[in-house]
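Enquirer: Can you keep this structure in mind? I'll have questions shortly.
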Amino acid sequence: MSLFALCSATGAPGVTTTALALGWVWPLVHSDRRVLVVDADVAGSGIVPGYAQAGVPAGGGVLAVAAERKLATEDTVLEHAVALDREARRLVLTGLTATAQARPLAPVWQLLADATPGLDAVHTDVVVDIGRLGHRYEPTPLLEQADLVAVVLTSTLASVSAATATLRELRQSRGPGATTTAILVGEGAPYSAREVGAELDVDRLPVIATDLWAARALLAAGTTGWRFDRSPLLRSAREAADHLRNAVAPIRLGTPS
């Protein structure tokens, strides 16, 4: 395991919440691993405002990696990440505060992609929040080199329709040997996970629960207490994290998916 990229075909289906939820449960599901969530949404961060309000230090983030002006090793990347727990098993590399900052960052996305094998060697998986696709400065190397790309969508007709076209394009660009799939946020509005999965040609579609309270807690770094730990959001994220690991395992072992 190493690099997992989450993106969307339409605005605000829950990519950031899904990335943070996966990041929080990852060490619980995969006890031998830690996780780095990378905020690579070039349209502007969904993480930084809430973290700043909660008093979480910025830690440098993507812009600090860019300022290093040298090859980004795993140590460089981790140095500028924020640890969300005492053991530093949950890390976040914060992103941009304004879209204008994205223009000079193309080399940084390649450096981050190239650093993931080194992170994998130190038992660190990377979950990237890419946000909505189609931006002129989007982090293409992270999409191209990811072990798995997942399109995040809701069960509305508009979201499913857009995700279907986007998945087709990603599968063509990434090739038949790459794992390209989807994650559904909520279901039954109006379509079930089975119906959406059939439309997307995804055999098993993981579902992230719609849980506004826990989502707000994640975005504001308020991740404490039994209510949060037992929330529908985290329970569903555990199942999704396990599914994603199994989805890339055949590729990592060198066998067809």
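The values are calculated or read from the model by the stated rules, or taken from the named source; none is laboratory data. Bear in mind that the values here come from a model prediction, so they are computed numbers and not experimental data. Every residue, glycine among them, receives a Cβ derived from its backbone with ideal geometry; neighbour counts consider all protein chains shown. For the accessible areas, the whole protein counts, side chains as well, though only heavy atoms, and no ligand, DNA or RNA atoms are used. Shrake-Rupley method; radii C 1.70, N 1.55, O 1.52, S 1.80 Å.
Enquirer: Would you mind stating whether residue 97 is of a type in the set (Ser, Thr, Tyr), under 26 Å from residue 136 (Cα atoms) and modelled with pLDDT under 90?
Expert: Values: of a type in the set (Ser, Thr, Tyr): yes; under 26 Å from residue 136 (Cα atoms): yes; modelled with pLDDT under 90: yes.
Yes, satisfied.
Enquirer: State which residue pairs qualify: first residue open to solvent by less than 100 Å² (accessible area, probe 1.4 Å) and inside segment 226-238, second residue charged (D, E, K, R) in any location, beta carbons under 6 Å apart, and separation of 6 or more residues or different chains.
Expert: So the pair list comes out as 231/211; 232/211; 233/211.
Enquirer: Across segment 45-74, what is the total count of residues that are modelled with pLDDT of 70 or more and either among the hydroxyl-bearing types (Ser, Thr, Tyr) or part of a loop (DSSP other than H, G, I, E, B) (or both)?
Expert: 8
Enquirer: Follow-up. Those residues that are over 16 Å from residue 184 (Cβ atoms), touching a strand residue (DSSP E or B) at 6+ places or on another chain (Cβ under 8 Å) and open to solvent by 30 Å² or more (accessible area, probe 1.4 Å), I need them from segment 144-156; list them, please.
Expert: Quick first cut of segment 144-156, residues over 16 Å from residue 184 (Cβ atoms) only: 144-147.
Applying the additional criterion that residues be touching a strand residue (DSSP E or B) at 6+ places or on another chain (Cβ under 8 Å) yields 145-147.
Residues satisfying the conditions are 145, 147.
Enquirer: Just need a number here: residues in segment 92-107 that are buried (at least 23 other Cβ atoms within 10 Å of the Cβ) and out of contact with any His (no Cβ under 8 Å at 6 or more places or on another chain).
Expert: From segment 92-107, those buried (at least 23 other Cβ atoms within 10 Å of the Cβ) are 92-95, 102; that's our starting set.
Filter once more, so that each one left must be out of contact with any His (no Cβ under 8 Å at 6 or more places or on another chain): 92, 94-95.
The qualifying residues number 3.
Enquirer: Can you find a residue in segment 83-99 that is among the aliphatic types (A, V, I, L, M) and assigned to a helix (DSSP H, G or I)? I'd like the intermediate steps shown before the answer.
Expert: Filtering segment 83-99 down to residues among the aliphatic types (A, V, I, L, M) leaves 83-84, 88, 91-93, 96, 98.
Then keep just the ones that are assigned to a helix (DSSP H, G or I); that gives none.
The answer is no, given that none of the residues of segment 83-99 is among the aliphatic types (A, V, I, L, M) and assigned to a helix (DSSP H, G or I).
Enquirer: Moving to a separate point now. Being modelled with pLDDT of 95 or more and surrounded by fewer than 20 Cβ atoms within 10 Å (Cβ to Cβ) is the filter here, so list the residues in segment 180-189 that pass it. Don't jump to the end; show me each part of the working.
Expert: Restricting attention to segment 180-189, the residues satisfying the condition of being modelled with pLDDT of 95 or more are 180-186.
The one that is modelled with pLDDT of 95 or more and surrounded by fewer than 20 Cβ atoms within 10 Å (Cβ to Cβ): 186.
Every residue, every condition in (1) assigned to a loop (DSSP other than H, G, I, E, B); (2) open to solvent by 40 Å² or more (accessible area, probe 1.4 Å); (3) farther than 29 Å from residue 50 by Cα, yes or no:
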| site | (1), (2), (3) |
| --- | --- |
| 142 | no, no, no |
| 158 | no, yes, no |
| 172 | no, yes, yes |
| 194 | no, yes, yes |
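Enquirer: Kindly check whether there is at least one residue in segment 111-122 that is touching a residue at least 24 places away in the same chain (Cβ under 8 Å), among the charged types (D, E, K, R), open to solvent by 40 Å² or more (accessible area, probe 1.4 Å) and under 29 Å from residue 222 (Cβ atoms).
Expert: Narrowing segment 111-122 to residues touching a residue at least 24 places away in the same chain (Cβ under 8 Å): 111-122.
This time we only want the ones that are among the charged types (D, E, K, R), so: 114, 120.
Keeping just the survivors that are open to solvent by 40 Å² or more (accessible area, probe 1.4 Å) gives 114.
Imposing the further condition that a residue be under 29 Å from residue 222 (Cβ atoms) reduces the set to none.
Taking every residue of segment 111-122 in turn, none turns out to be touching a residue at least 24 places away in the same chain (Cβ under 8 Å), among the charged types (D, E, K, R), open to solvent by 40 Å² or more (accessible area, probe 1.4 Å) and under 29 Å from residue 222 (Cβ atoms).
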